[in-house]
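Read the structure below first, then the notes.
The values are calculated or read from the model by the stated rules, or taken from the named source; none is laboratory data. None of the values given here were measured: they were computed from a predicted structure. All Cβ positions, even for glycine, are placed from backbone atoms using ideal geometry, and neighbour counts span all protein chains on display.
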Amino acid sequence: MSRRIERGAIKVIELIGISDESFDDAVRQAVTKAADSISGITGVEVQSMNAGVIDGSIVQYRVAVKIAFAVH
């Protein structure tokens, strides 16, 4: 559950999460990688999803996301 911000500002960045497992995992990858260098993440919004396909099989899942975090 995200924290509620009463006052101040929120910054939003755009990332692309990548996974060879699933769209859900691609979202988790984006949030996890962002959390390595950003503290106070309050939310994630999935903008779009697409997949790489080779020989009729999905080989990579990609999600474009917006990550929100409080500006201190």
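When Val27 is tested against the conditions (1) hydrophobic (A, V, I, L, M, F, W, C); (2) within 24 Å of Glu6 (Cα to Cα); (3) not in a strand (DSSP E or B), the lone failure is (2). With respect to being of a type in the set (A, V, I, L, M) and in contact (Cβ under 8 Å) with a residue 40 or more places away in the chain, Val53 falls outside the description. Filtering Ala35, Ala70 for residues that are closer than 18 Å to Ile5 by Cβ, surrounded by 12 or more Cβ atoms within 10 Å (Cβ to Cβ) and without any contact (Cβ under 8 Å) to a residue 24 or more places away in the chain leaves a single hit, Ala35. Can you tell me which residues in the range 30-56 are charged (D, E, K, R), under 21 Å from Phe69 (Cβ atoms) and outside any strand (DSSP E or B)? Correct list: Lys33, Asp36. Output yes when any residue across the range 47-64 is surrounded by fewer than 16 Cβ atoms within 10 Å (Cβ to Cβ) and under 10 Å from the mean Cα position of the chain (by Cα), and no when none is. Within the range 47-64 (the criterion being surrounded by fewer than 16 Cβ atoms within 10 Å (Cβ to Cβ) and under 10 Å from the mean Cα position of the chain (by Cα)), the answer is yes, since at least one residue qualifies. Entry remark, the range 1-29: residues being surrounded by 14 or more Cβ atoms within 10 Å (Cβ to Cβ), modelled with pLDDT under 95 and among the acidic types (Asp, Glu) number 0 in total.
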